[in-house]
Amino acid sequence: AVQPPDVDLATLYSDTYDSRRVMSFPIGLNTDLKPQIVTLREDSQGGLGHHAMLAGGIGKGKSVTLQSIVLALAASNSPAHLNFVLADFKGGASELGRLRTLPHVVGFVTDLDEAYVERFRLALEGEVLRRKQILDDTPRTFGRQIPNIYEYNRAVAPEEIMPHLVVVIDEFAKAIRINAHFKKTVDNDITAQGRALGIHLILSTQKAQDFEGIRLNIEVRMSMQVQTTEDSRVIFGRDDAATKLTRAGQALLQVGNNRVFEMFQVARTDIPYVPEGAGNIDLVDDFTIRQIAPNGRRHTLYKHRPQMQITDHASRLSEAEVLVRHIADYCQTRYAPTRTICLPPLPPAESMPVFDLLQKQHPAVFCPWQRQSGWDTAQKSEHYRLQAPLGMLDLPSQQLQQPYILNLNERDGNLLIVGPTGSGKSLLLQTLVLAFASTHAPDDLAFYFWGQGPAFVTLAELPHSPAFIQPAETERTQRLLGFLEKEMARRRALLGELRAGNMEALRRARPDLPLPAVVIILDD
């Protein structure tokens, strides 16, 4: 037998997209002891069907079968031609989780929280829309309408190929129960539209009734042994999954209206990996041989402890894990990283300091502050004046996470922050002020604080802050208002005198004048 590290990926993978090979994989042996091949393409493309479903009772090998399917596809199709989103809603140990480091995986979901399922749903809907847009744009890019992924990939350069996306969901019924909108996404967006877009579903569940309503839209149906003939009839329209399957790993395959109906034994990948020459792992249970003397006393002759018989060289990894490593190592220098579709939630605020955001996420700022030397006024970038990152945008439907940039140049330049006590208003104010202070020198920006919020006490020490006024300080409040009126009149006069259309033009005309942007922060 071929060992996982010896799988010849150079032969199995093709640099050229071949619509006759993609999405075809072996899953086990049929009753003639020949490879059972499943091809998830439509009949018109030489396949059995675009989507697949898998049922089976507890302990019958359903999750292991999913693992084998994913590995067979990953070993037969490069990450340039095929990607996976893996979702395991079973809970506990996850066979799919062991595959998450495959270079083909563009999303892994395992949390049963409603918010996580909603992120997953939005990401899938976003991918449907993205692929539809690519095909909708083909009249402009190719001069003709290209109807599906097969023709599109034949028309584009190898580096522009749209990979097939296989969405594997173990216990998908739980996702539907957690999120009522998830079924609509599966039925309307993926099952119906996925054929042209190259999005394939492989759904798995313990209860056959979970397939009611979507069975007719899924051509490839597989089942391990189920408990009742009623379950079998829901899947196949016949009793065989309850009456003819007798052991774990046995399965039936049906295509359409019995166009194909075959029994097969699933090829397992969860068995322990034994490197060649390492000897065998003894899987016999513990036992002891004793001699019983005529007087009834027992004398131990031999104790069998198989865990002590495993050679030091035997691996503790499964064949699945070894094959995942082999595929990942092979692809690391040969294929570009895949584009992530299902992004994880953003970390909590305390794990995302604004200074890290400034330095790592958004290095292009108006006037960067350096820890040792202060503001680098020689490197001012006018494009980023009065702009600073406040946090990260999380857009799961657009499969995007990026810095949220507050631009005080937009519209009237004013900002209203609303929220109940304890919601984080003061935290947002602190972040806003520090982000702008870190990207603008004191000559370019001035903060005037009015209020009694605790955030102001520290912020008022910034060199950008000429004044911090509390509500009870009536006289200082009046002086601030008077200063602002005079400053506005001065700037209006300068704009007219120099015929400058706006403050940016005025600053260019008179760089010698102190014309900082004035930001007044009011906190109740």
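Can you pull the one-decimal nm distance between simple spin-label points at residue 247 and residue 141, each 7 Å off the Cα toward Cβ?
In this crude label model, residue 247 to residue 141 measures out at 5.1 nm.
Over the alpha-carbon set of region 1-147, divide Rg by the Kirkwood Rh and report the Rg/Rh ratio to two decimals.
Result: Rg/Rh = 0.99.
Once Rh is set to the Kirkwood radius over Cα pairs, what Stokes-Einstein translational diffusion coefficient, in µm²/s, holds for the chain at a temperature of 10 °C and a viscosity of 1.306 mPa s?
The estimated diffusion coefficient comes to 56 µm²/s.
Under a no-solvent Debye model with one identical scatterer per Cα of region 365-422, what's log10 I(q)/I(0) at q = 0.12, 0.15, 0.20 Å⁻¹?
Rounded to two decimals, the profile gives -0.46, -0.68, -0.95.
Principal axis lengths of region 140-212 from Cα atoms, whole Å, largest first?
Extents along the principal axes, in whole Å: 46, 19, 18.
Defining a contact as two alpha carbons under 8 Å apart and six or more residues distant in sequence, what relative contact order in percent does the chain show? Spell out each step's value before the answer.
Working: 881 pairs, mean separation 73.5, N = 524.
Value for the chain: 14 percent.
Using only the Cα atoms of region 146-284, each taken as one equal point scatterer with no solvent, compute I(q) by the Debye sum, divide by I(0), and report log10 of the ratio at q = 0.17 Å⁻¹.
Reported log10 I(q)/I(0), two decimals: -1.02.
Rounded if a/c is under 1.5, else prolate if a/b is larger than b/c, else oblate: which is region 342-481, with a ≥ b ≥ c the root eigenvalues of its Cα gyration tensor?
oblate
Rounded, prolate or oblate: which one fits region 442-524, using the alpha carbon gyration tensor with axes a ≥ b ≥ c (rounded when a/c is under 1.5, else prolate when a/b beats b/c, else oblate)?
prolate
Tell me, what is the FRET efficiency for residue 20 and residue 287 to the nearest 0.05, using R0 = 51 angstrom and their Cβ-Cβ distance as r?
0.40
Using +1 on the beta carbon of Lys and Arg, -1 on that of Asp and Glu, and nothing else charged, what's the dipole of region 442-524 about the Cα centre, debye to 20?
Taking the Cα centre of region 442-524 as origin, the dipole is about 480 debye.
Suppose we keep just the DSSP beta bridges with both residues in the chain; what percent of those would be antiparallel, to 5? Don't jump to the answer; show the numbers that get you there.
Numbers: 35 of 70 bridges.
Looking only at bridges with both residues in the chain, the antiparallel portion is about 50 percent.
For an R0 of 30 angstrom, estimate the FRET efficiency from the Cβ-Cβ distance between residue 498 and residue 410 and round to the nearest 0.05.
0.75
Laboratory data are not the source of any read-out in this text; all were calculated from the coordinates shown. Everything numeric in this text was worked out from a predicted model, so none of it was measured. FYI the Cβ positions are ideal-geometry reconstructions off the backbone, even for glycines, and counts take in every protein chain you see.
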